[in-house]
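Chemist: There's a structure below that I have some questions on.
The values are calculated or read from the model by the stated rules, or taken from the named source; none is laboratory data. Every value quoted in this text rests on a predicted model; they were computed, and no experiment measured them. Cβ atoms come from the backbone with ideal geometry, glycine included; neighbour counts cover every protein chain shown. Surface areas here come from the heavy atoms of the whole protein model, side chains and all, with no ligands, DNA or RNA. Shrake-Rupley method; radii C 1.70, N 1.55, O 1.52, S 1.80 Å.
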2 protein chains.
Amino acid sequence: MSRGWRVLSLHHVAVAHGADPSCEAFFSDLLGGATHMEETAGFVERMYGAEPAFTQTLEATAAGVVQRFVDTRGPGLHHIAYQVDSIDAALDDLRERGVSLIDETARTGGMGTRIAFLHPRAAAGVLVELVEEGEGVDG
Amino acid sequence: MSRGWRVLSLHHVAVAHGADPSCEAFFSDLLGGATHMEETAGFVERMYGAEPAFTQTLEATAAGVVQRFVDTRGPGLHHIAYQVDSIDAALDDLRERGVSLIDETARTGGMGTRIAFLHPRAAAGVLVELVEEGEGVDG
């Protein structure tokens, strides 16, 4: 495909949960403890080992997208993220081809990445995130 | 952890869907086409590239667990699978520790693997599969 970008790998799978500590306990036990934690507005994000593809948990801590998901569907799988070589090229190409995007341009994600979400209607109901890894001091 | 087994990597993430062809179309476009397809009772399983972690789609073709999932929750993320070094040791250990299992012993999965599912109540609502890769002629 000569579309100017490509998926490098599955980057992470995310699980949304609420205050119940059993989600973190399970993945800590399975994967050896969170290797990264970041607080953002409305949720705490934790990354669990098992490189090269991470497992991410999103703990809702206030009203917001994660809390809404947990309230509506219960705790469970939230999204899949794919690492791409160029997120700007990906978004330009997808937009041109009429793919529904939540983020029209890339924004800053965890661990110095640049991220964007596609709309679930683009992917048969699956929330898909694109991730471009940061380099050097940004990484 | 000296529990006699360990997770080697995230093996795949599975998406359940029905007859709607947009799910396959999306992942084919994103990941370059299914690299493996297998029909089983009630569903067709397809694996999409992006090594080392695959994306799997499960297309419900008759009554069964996949059709029930799609009927109840709509198409979407279905389970996460982790590759382990010894599925027998993992199941023995998990059973001993009182973790709820769907499969008490390993059974044959796609592509010559041995697999077992944990019960979602073991993992805060997430359906988790363990996979042991086959070797040689089994692989």
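Chemist: Taking only the range B:1-20 into account, find how many residues are under 20 Å from B:Asp85 (Cα atoms) and either hydroxyl-bearing (Ser, Thr, Tyr) or in a strand (DSSP E or B) (or both).
Modeler: Counting residues in the range B:1-20 that are under 20 Å from B:Asp85 (Cα atoms) and either hydroxyl-bearing (Ser, Thr, Tyr) or in a strand (DSSP E or B) (or both) gives 8.
Chemist: From the residues in the range B:121-139 that are at pLDDT 95 or above and open to solvent by 20 Å² or more (accessible area, probe 1.4 Å), which one is nearest to the other protein chains (Cβ to nearest Cβ)?
Modeler: Across the range B:121-139, the extreme among qualifying residues is B:Leu127.
Chemist: I'd like to verify a number: residues in the range A:37-77 that are in contact with a helix residue (DSSP H, G or I) (Cβ under 6 Å, 6 or more places away or on another chain) and over 29 Å from B:Phe69 (Cβ atoms), how many?
Modeler: Residues meeting the conditions: 1.
Chemist: Suppose we filter the range B:7-29 for residues that are open to solvent by 10 Å² or more (accessible area, probe 1.4 Å) and closer than 11 Å to B:Leu77 by Cα; how many remain?
Modeler: Counting residues in the range B:7-29 that are open to solvent by 10 Å² or more (accessible area, probe 1.4 Å) and closer than 11 Å to B:Leu77 by Cα gives 0.
Chemist: Out of the residues in the range A:55-68 meeting the condition of being more than 16 Å from A:Ile80 (Cα to Cα) and without any contact (Cβ under 8 Å) to a residue 40 or more places away in the chain, tell me which one is surrounded by the fewest Cβ atoms within 10 Å (Cβ to Cβ).
Modeler: A:Ala62
Chemist: Taking A:Gly4 and the conditions (1) modelled with pLDDT under 95; (2) within 12 Å of chain B (Cβ to nearest Cβ), which numbered condition does it fall short on, given that it satisfies the others?
Modeler: (2)
Chemist: On to the next question. Please go through (1) closer than 24 Å to B:Ala14 by Cα; (2) of a type in the set (Val, Ile, Thr); (3) modelled with pLDDT under 95 for A:Thr108 and return the number of the only condition it doesn't satisfy.
Modeler: Failing condition for A:Thr108: (1).
Chemist: Here's a follow-up. Among the residues of the range A:66-81, are any farther than 16 Å from A:Ala16 by Cα, polar (S, T, N, Q) and in contact with a Gly (Cβ under 7 Å, 6 or more places away or on another chain)?
Modeler: No, because not a single residue in the range A:66-81 is farther than 16 Å from A:Ala16 by Cα, polar (S, T, N, Q) and in contact with a Gly (Cβ under 7 Å, 6 or more places away or on another chain).
Chemist: Moving on to the next point. Read through the list (1) assigned to a loop (DSSP other than H, G, I, E, B); (2) facing chain A (nearest Cβ under 8 Å); (3) over 16 Å from the mean Cα position of the chain (by Cα); (4) not basic (Lys, Arg), then give the number of the only condition that B:Cys23 fails.
Modeler: (1)
Chemist: Then there is this: Can you tell me which residues in the range B:51-96 are facing chain A (nearest Cβ under 8 Å) and within 16 Å of the chain's Cα centre (by Cα)?
Modeler: The answer is B:Glu51, B:Pro52, B:Ala53, B:Phe54, B:Thr55, B:Pro75, B:Gly76, B:Leu77, B:His78, B:His79, B:Ile80, B:Tyr82.
Chemist: What single numbered condition from (1) open to solvent by 60 Å² or more (accessible area, probe 1.4 Å); (2) closer than 29 Å to A:Gln83 by Cα; (3) touching a residue at least 60 places away in the same chain (Cβ under 8 Å) fails to hold for B:Pro52?
Modeler: Only one criterion is unmet by B:Pro52, namely (3).
Chemist: Please state which of the following conditions A:Gly74 fails to meet, knowing it meets all the rest: (1) modelled with pLDDT of 95 or more; (2) open to solvent by less than 30 Å² (accessible area, probe 1.4 Å); (3) farther than 23 Å from A:Ser9 by Cβ.
Modeler: The number of the failed condition is (1).
Chemist: Of the residues B:Ala34, B:Ala41, which is of a type outside the set (D, E, K, R), open to solvent by 40 Å² or more (accessible area, probe 1.4 Å), in contact with a Lys or Arg (Cβ under 7 Å, 6 or more places away or on another chain) and free of Cβ contacts under 8 Å to residues at least 40 places away in the same chain?
Modeler: Going through B:Ala34, B:Ala41 in turn, the sole match is B:Ala34.
Chemist: Tally up the residues in the range A:28-50 that are at negative phi and facing chain B (nearest Cβ under 10 Å), please.
Modeler: Count: 5.
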